[in-house]
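To keep things clear, I will list the structure first and then write my remarks on it.
The values are calculated or read from the model by the stated rules, or taken from the named source; none is laboratory data. Note that the coordinates shown come from a computational prediction; the quantities given were computed from them, not determined experimentally. Note that each Cβ is placed from the backbone with ideal geometry, even for glycine, and that neighbours are counted across all protein chains shown.
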Amino acid sequence: MRIARATLGVAAMLACGAIAGAVFSAPAPAASAPATRSVTTASGVYSAAQAEEGSRLYAVRCAMCHGQMLEGTMETPALRGKFVANWARSPVGHLFDYVSKAMPQFAPGSLSPAENAAIVAFLLRENGMRAGNSPLSSDPEVLKTITFMPDGPAR
Amino acid sequence: MRNGPLARRDMLKGSLAAGGLLGLQACASAPAARLASAAGSRLSKPRLVPMRITPDQLIDVKCCIRPLRAAGPNLATEMVGDTLVVHNYGHGGSGWSLSWGSAEIAVGKALSVLPSEIAVIGCGIVGLTAAVVAQRAGLKVTIYARDMLPRTRSFRASGSFTPDARVALLEPAGPNFPALWEQMTRLSWKTFRTYLGVTGNPVEFSDSYQVSDKPIERRTYPRDPAITDSYATKGLPLQSAEFAHLSSRIRDIVPQAVPLSPEENPFPTPYATRTSQMHFNFASYGHLLMSEFFERGGAFVMRDFHTPAEVATLKEKVVIHSSGYAARDLWKDRTIIPVRGQTGWLVPQPEANYGVRYNNVSLLSKSDGVVVMNNNPDLGDMLGVGNSMELPVRADIEAGLQIMAPLFAPQPPARPA
């Protein structure tokens, strides 16, 4: 069983209605620090306002393929569930890079770094990772220090 | 031009078909089967082989309970001790039809906590499909169940693509359910298409006729204002209008019924529609799915569960729970409403490869038999609701065959042209 114990612990707390993410104390990401498990996407690495902006962008730039509920189709990947497994344990910078360079598929690279960061923030929110006080940076040096890790089971 | 008796018979039938209205009137007054048309007389008229539907052709009668869950299938997650349980049960009469889409959601939730191995409880079509989907995503899967697929309730279904058959009650399911249902249905539909044409025809389409002595109207479900109670007050639905009817959401991919002109109607009834129906052949489909499961290294452990707490004793810490109707007792889910249904099975008749429905009785030719359903009395979605009597009643099937008999009665002697 490779489920991180902390992950299941958080899942248990969610199920019990406890405050999500309380077990994580998220230190501010240091630009020079290597990627470690101490800073993960479960630690509140984006702001609520940023995710809201991402939601707006998603609706007009992404939803036509990935679906309004991020559900995907037979041909287009869902952005929940399996999506988390696909990106977990690697720096969130990988996801940011991919979104920046490959998406939207009909016009890759057409969104600004800030817009792509907002979309990533929205994806984190939609996959159950809590918001923090500061927006997610679009600086690759910062993004490579944050590990993509879920905060509990998908809704 | 051929000579001899065959050519003469073709000519007679051709003249009958060309008779148009005259033929219709003759048929309306005398229940004469008109099942084989002259080759080449009209492209639109299908040549159908009559089904043999006398009771001596019955090879099986099966009964099963559909797990109608008022709010629709349970796809929620919960923790039992240190174990994440992803529910995937309560699909009403739509388990087969929704199996792939539902598995996608359940497996997605399981994957979101990054397991390398999971357990699946239940080996009906919903559990087994979820197990295979999890394997396709790279997980090691063990199924824990009382029985393998052929002895589950899934194998006692009729096996047609019916994704909104008693799948939920509209109000308890809430405003988000229709979109979720559509998502599951579309993914399932596309996945079933990947089985079309595979050896053994695990999934296939056939023409499906509805025939009637009265004009055929599209069924609607108006609310009966005289019935003031509902599921909310009684814990059971009381009229068809309470059920979720969602098929209009997938009209763009699922063939719709079209009315047939008298010249196109192969049956001796004045009215008919034709559509194409997707169905599942249990034997080949089940064999294919079980084979994939084992080929991918799946393990099957025969065991029963009696309390939710037992789930946490499994070595796998992520569990997809697909016990179907059994969840009513295992998980104490009293929102599951039993909906009884039964099927009769006539000897396989592959040469009669179609389905027909008449006076609430249906026949559908499948590889493991012609399935007979007698949905009388005509209660719509209320038929069988709340009934957990799971023993088959052969007499009801025989009564259904009797209702269908006029459709296949021998032709009267053909009149000279």
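Scanning the stretch A:58-68 for residues that are of a type outside the set (Gly, Ala, Ser), surrounded by fewer than 20 Cβ atoms within 10 Å (Cβ to Cβ) and out of contact with any Pro (no Cβ under 9 Å at 6 or more places or on another chain) yields A:60, A:68. If you check residue B:137 against the conditions, is it of a type outside the set (D, E, K, R), within 9 Å of chain A (Cβ to nearest Cβ) and more than 25 Å from residue B:314 (Cβ to Cβ)? Answer is no for this residue.
Taking the numbered list (1) closer than 21 Å to residue A:43 by Cβ; (2) crowded, with 19+ Cβ neighbours inside 10 Å in turn, residue A:97 passes all entries but (2).
With respect to being in a loop (DSSP other than H, G, I, E, B), closer than 30 Å to residue B:230 by Cα and out of contact with any Pro (no Cβ under 9 Å at 6 or more places or on another chain), residue B:115 falls outside the description.
Taking the conditions exactly as written (of a type outside the set (A, V, I, L, M, F, W, C), over 19 Å from residue B:52 (Cβ atoms) and modelled with pLDDT of 95 or more), does residue B:344 satisfy them or not?
Values: of a type outside the set (A, V, I, L, M, F, W, C): yes; over 19 Å from residue B:52 (Cβ atoms): no; modelled with pLDDT of 95 or more: yes.
No.
Only a single criterion out of (1) surrounded by fewer than 21 Cβ atoms within 10 Å (Cβ to Cβ); (2) under 20 Å from residue B:154 (Cβ atoms); (3) of a type in the set (Lys, Arg) is not satisfied by residue B:366, namely (1).
Restricting B:195, B:209 to residues that are within 28 Å of residue B:290 (Cβ to Cβ) and aromatic (Phe, Trp, Tyr) narrows the list to B:195.
When you scan the stretch A:44-155 for helices (runs of 4 or more DSSP H) that lie fully inside it, which ones turn up with 3 or more residues that are more than 12 Å from chain B (Cβ to nearest Cβ)? Even if it seems obvious, please write down each step before you answer.
Numbers: elements: A:48-61, A:63-66, A:82-87, A:92-102, A:113-126, A:140-143.
Qualifying helices (runs of 4 or more DSSP H): A:48-61, A:63-66, A:92-102, A:113-126, A:140-143.
Summed over the stretch B:175-211, the residues that are within 14 Å of chain A (Cβ to nearest Cβ) and small (Gly, Ala, Ser) give a count of 2.
The set of residues in the stretch B:301-323 that are closer than 29 Å to residue B:202 by Cα and crowded, with 19+ Cβ neighbours inside 10 Å comprises B:319, B:320, B:321, B:322, B:323.
Yes or no, residue by residue, for (1) of a type in the set (Gly, Ala, Ser); (2) out of contact with any helix residue (DSSP H, G or I) (no Cβ under 7 Å at 6 or more places or on another chain); (3) free of Cβ contacts under 8 Å to residues at least 60 places away in the same chain; (4) more than 27 Å from residue A:70 (Cβ to Cβ):
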residue	(1), (2), (3), (4)
B:100	no, no, no, no
B:117	no, yes, no, no
B:129	no, no, no, no
B:155	no, no, no, yes
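Counting only helices (runs of 4 or more DSSP H) that sit wholly inside the stretch B:120-205, those with at least 2 residues that are modelled with pLDDT of 95 or more and among the aromatic types (Phe, Trp, Tyr) are B:177-193. Residues in the stretch B:75-84 that are surrounded by 24 or more Cβ atoms within 10 Å (Cβ to Cβ) and either more than 9 Å from every other protein chain (Cβ to nearest Cβ) or modelled with pLDDT under 95 (or both): 0 in all.
How many residues, within the stretch B:86-106, are within 11 Å of residue B:322 (Cβ to Cβ) and buried (at least 24 other Cβ atoms within 10 Å of the Cβ)? Step through it out loud before you land on a result.
Residues of the stretch B:86-106 that are within 11 Å of residue B:322 (Cβ to Cβ), as a first pass: B:86-91, B:95, B:99, B:102-103, B:106.
Filter once more, keeping what is buried (at least 24 other Cβ atoms within 10 Å of the Cβ): B:86, B:88-91, B:95, B:99, B:102-103, B:106.
Total meeting the criteria: 10.
Pairs are defined by a Cβ separation below 6 Å, a sequence spacing of at least 6 or placement on different chains, a first member in the stretch A:109-138 that is free of Cβ contacts under 8 Å to residues at least 24 places away in the same chain and within 20 Å of residue A:79 (Cα to Cα), and a second member that is polar (S, T, N, Q) and assigned to a helix (DSSP H, G or I); the pairs so defined are A:116/A:100.
Checked against the criterion of being closer than 21 Å to residue B:153 by Cβ, among the charged types (D, E, K, R) and assigned to a helix (DSSP H, G or I), the candidates B:381, B:333 yield just one match: B:381.
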